[in-house]
Every structure is written in structure tokens, then in C-alpha cells.
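Enquirer: Mind having a look at this structure? Questions to follow.
The values are calculated or read from the model by the stated rules, or taken from the named source; none is laboratory data. Keep in mind that what you see is a predicted model, and the values were worked out from it rather than measured. Reconstructed Cβ throughout: ideal geometry from the backbone, glycine too, with neighbour counts over all protein chains shown.
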Amino acid sequence: MNSFHIRHGAEVADALREHRPVVALESTIVSHGLPRPDNLRVAREIEQAVRDAGAVPATIGMVGGQLVVGLDDAELTRLATVDGVSKLSVRDLAVAAAIGADGATTVAATSAVAAAAGIGVFATGGLGGVHREAAQTFDESADLGTLARTPIAVVCAGVKSILDVGATLERLETLGVAVVGYRTRRFPGFYRTDSGFDLDWSVDSPEQVADVLAARAGHGVHHGGLIVANPLPVDEQLDPDLHDRTLAEGLARLERDGVTGKAVTPYLLAYFHSATAGASLAVNVRIILRNADLAARVAVAAAGRGDSAA
Ligand code: PSU
Ligand code: MN
């Protein structure tokens, strides 16, 4: 029988025990968000970016029904290259564990597992959120509801630009998820530097993010997630015209092909990567590497003040 218990990679277990900085990383971007064969190379580069900034990477995923915090290279390779890896949100974890599946964890599942494992900082590319047409389809990522109840700081470049960004920000407010811009008062637009929406708060340094985490811990009030929105520099974003054209065509194809549910996000990301001849892929990789670096510096700052939950 498979155990539902979380298995820690050896390096992550040591780091957590010694209160050294650890950054959680998700596996869905590897298995479903990035095309092969780049995905495995990028997965390793993300981990390296965390190490270069002085923290230990903990990529989270499910291998043969076992939930692993800190996949080793063989396990990472398996999730990146084997067919039939499931996309796992929180609701899927126990089912997949009981069945003995291979699975990649989304932002929602990664956040929940990381928090349970005592990791307080997580880096990804762009969060899930409210889809366009959600008024008809009800398609809202479980990332939002999970962040409402999970104490974790997520460093991201906002929410994916394929979504209804304004509606997503409204939902984050309703759900009580704090959003701070990193050196900006504009919410980033994932592939684009600026989504067009303002933010109430901005922080200027990893230390200041650590201050926020410490203040939350000191309050004794239940806080859910903290989104640290880290925009790409303008000269590194995807060309806005190319972005808008590609998005319009991708959404039209989505409808034509009848794609729904959890297949929507991977479908649109894959369409972007092929239709822009790799330009969006390069931008997506830059986003993730920058976020991994910032998350690691936040984890280092938090660990430096003895805040073991971050
Ligand atoms: N960010 C990326 N690429 C991705 C994702 C995020 O740069 O592939 C994934 C995350 O795992 C996120 C998921 O949780 O997309 C959202 O999927 P959905 O919209 O089905 O909830
Ligand atoms: Mn969805």
C-alpha cells in the first residue's frame, strides 16, 4: 500500500531541521507548462537559481503515489519526461496517492504541501485565477481558494495573462489574500510587465517581505497566502502586440477545440509557445528564474531572523 505521508528529500530534510532557508517549487510548470525537452533543463535551472541565492530548492511532486518534498534528479526527470503524469490540485492528492499515480502539483497543491512541510516561501511563474468567460463556465483556479487558507508567500509575476486579471484581483481581495508588488505599484501581467491594474502595496527588498511574514506571525491572526508580485523588466517582456494577437487566436482555438477544465491552462501556454516560435517560452523561463532568485533571497532574509516558518 502507498503511504499518504510526505517524504522529504535528504537535503530538504536536513535544511528544515537546521532552520536553513528552503524554497518550494512546483512541478506542474515542468510537466504541463513547459514543452519537452526544455522542461527538464529549465526545472534544473530553477533549482540552481535558488541555490545560487543561498537557499535549498524543494521541488514538490508525486512519484508512484508518494508525495515528495524535494524531488531528486531521477524523480524530476521522471515527472518531466514520462507520459501520463497527472496535473494534481489539492483535491486530487489523496486519490492519486491511493492509486499510486505519478503527478505534478499545481500552485494550489504545492502551496498546501509546502505549508504542511513547514516551508513558508514558494516560487512559480504565474498563478492561476479567474478565467475569461468565468461568468458562464465558473472556471476559477483552485489556486485562489487554496491561497485563502494556506500560510505561504508565493513569488510570481502576477497571474497568467490568459486570465481575467481584474476579476482575479477582486477574488483575491474577497478571499483575504494579500498582494504586494515587488518594487512596483502595478500588478504584473505575467508575459507582460504591467497588467494595467494598480496595487495598494509595494515592498522594496527581500528583507521587507520577511518583515511582512514576521508581522503576520506576530499577530496571531489567521492569514492566508501572501502574493509577492515580481514584474519582468519592460525590456524583457513579450512584445505586447505579439502577446495580444497570440492570446486572441489562442482563445478562439480553445473554443473551437472545445477545451475545458484543467486542460485550459496547459493548452493556452502550449499555444503561446508554438505560435510565438519560442519567444513566450524564453519569457516564461526568465519569469520563473527571476522569481526563484527573489524567493530564495526572501527565504534567506526570513531564516536570518530565526523565522523558521519562512
Ligand atoms: N505558472 C506558469 N506555468 C504553469 C502554471 C503556472 O508559469 O503551467 C500552472 C500552475 O501549476 C498553476 C496552474 O497552478 O498552471 C493553474 O492551472 P488551472 O488554471 O487549471 O488552475
Ligand atoms: Mn480551471
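Enquirer: If you scan segment 124-158, which residues turn out to be closer than 15 Å to residue 265 by Cβ and charged (D, E, K, R)?
Expert: 132, 133, 139, 140, 143
Enquirer: Could you list, in sequence order, the residues of segment 13-47 that are more than 16 Å from ligand 2 (Cβ to nearest atom), crowded, with 24+ Cβ neighbours inside 10 Å and either assigned to a helix (DSSP H, G or I) or of a type in the set (Gly, Ala, Ser) (or both)?
Expert: If the condition is that a residue be more than 16 Å from ligand 2 (Cβ to nearest atom), crowded, with 24+ Cβ neighbours inside 10 Å and either assigned to a helix (DSSP H, G or I) or of a type in the set (Gly, Ala, Ser) (or both), then 24, 27, 30, 31, 43, 46 are the ones that fit.
Enquirer: Can I ask one more? Being away from ligand 2 (no atom under 11 Å from the Cβ) and crowded, with 24+ Cβ neighbours inside 10 Å is the filter here, so list the residues in segment 130-149 that pass it.
Expert: The answer is 146, 147.
Enquirer: When you scan segment 272-285, do you find a residue that is within 16 Å of ligand 2 (Cβ to nearest atom), aromatic (Phe, Trp, Tyr) and in a helix (DSSP H, G or I), even just one?
Expert: No, because not a single residue in segment 272-285 is within 16 Å of ligand 2 (Cβ to nearest atom), aromatic (Phe, Trp, Tyr) and in a helix (DSSP H, G or I).
Enquirer: Failed condition for residue 71, given (1) out of contact with any Gly (no Cβ under 9 Å at 6 or more places or on another chain); (2) in contact (Cβ under 8 Å) with a residue 24 or more places away in the chain, with all others met?
Expert: Checking residue 71 against (1) out of contact with any Gly (no Cβ under 9 Å at 6 or more places or on another chain); (2) in contact (Cβ under 8 Å) with a residue 24 or more places away in the chain, the one that fails is (1).
Enquirer: Right, next: Any chance you could count how many residues in segment 73-120 are among the aliphatic types (A, V, I, L, M) and within 16 Å of ligand 1 (Cβ to nearest atom)?
Expert: Total meeting the criteria: 16.
Conditions tested, residue by residue: (1) crowded, with 19+ Cβ neighbours inside 10 Å; (2) aromatic (Phe, Trp, Tyr); (3) in contact with a strand residue (DSSP E or B) (Cβ under 9 Å, 6 or more places away or on another chain).
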residue	(1), (2), (3)
261	no, no, no
272	yes, yes, no
280	yes, no, no
287	yes, no, yes
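Enquirer: Right, something else. So residue 258 ticks every box in (1) over 17 Å from the mean Cα position of the chain (by Cα); (2) part of a helix (DSSP H, G or I); (3) within 16 Å of ligand 2 (Cβ to nearest atom) but one. Which box is left unticked?
Expert: Among (1) over 17 Å from the mean Cα position of the chain (by Cα); (2) part of a helix (DSSP H, G or I); (3) within 16 Å of ligand 2 (Cβ to nearest atom), the lone unmet condition for residue 258 is (2).
Enquirer: May I ask you to list the residues in segment 127-162 that are away from ligand 1 (no atom under 14 Å from the Cβ) and either part of a loop (DSSP other than H, G, I, E, B) or among the hydroxyl-bearing types (Ser, Thr, Tyr) (or both)?
Expert: 149, 151
Enquirer: Next question, about the same structure. Search segment 114-126 for residues that are surrounded by fewer than 24 Cβ atoms within 10 Å (Cβ to Cβ) and pair each with any residue that is assigned to a loop (DSSP other than H, G, I, E, B) when their beta-carbon atoms are under 8 Å apart and the residues are at least 6 apart or on different chains.
Expert: Once the first residue is surrounded by fewer than 24 Cβ atoms within 10 Å (Cβ to Cβ) and sits in segment 114-126, its partners that are assigned to a loop (DSSP other than H, G, I, E, B) give 115/150; 115/151; 115/152; 118/308; 118/309.
Enquirer: With the structure loaded, tell me whether residue 69 is farther than 21 Å from residue 117 by Cβ, in contact with a helix residue (DSSP H, G or I) (Cβ under 7 Å, 6 or more places away or on another chain) and modelled with pLDDT of 95 or more or whether it fails that test.
Expert: So residue 69 fails the test.
Enquirer: Please go through segment 106-125 and give me each residue that is within 21 Å of residue 55 (Cα to Cα) and not in a loop (DSSP other than H, G, I, E, B), ordered by number. Can you show your working first?
Expert: If we filter segment 106-125 for residues that are within 21 Å of residue 55 (Cα to Cα), which is where we start, we get 107, 110-125.
Within segment 106-125, 107, 110, 111, 112, 113, 114, 115, 116, 121, 122, 123 qualify.
Enquirer: Would you check if residue 173 is over 27 Å from residue 18 (Cα atoms), modelled with pLDDT under 95 and of a type in the set (D, E, K, R)?
Expert: no
Enquirer: Further question: What tally of residues in segment 151-167 results from selecting those that are crowded, with 24+ Cβ neighbours inside 10 Å and within 19 Å of residue 24 (Cα to Cα)?
Expert: The total comes to 8.
Enquirer: Under 8 Å between Cβ atoms, at least 6 apart or on separate chains: pull out the pairs that start in segment 86-104 with a residue that is on the phi < 0 side of the Ramachandran plot and in a strand (DSSP E or B) and end on any residue that is of a type in the set (S, T, N, Q) and within 16 Å of ligand 2 (Cβ to nearest atom).
Expert: Partner pairs satisfying both residue conditions: 87/28; 87/106; 88/28; 88/105; 88/106; 103/86; 104/28; 104/86.
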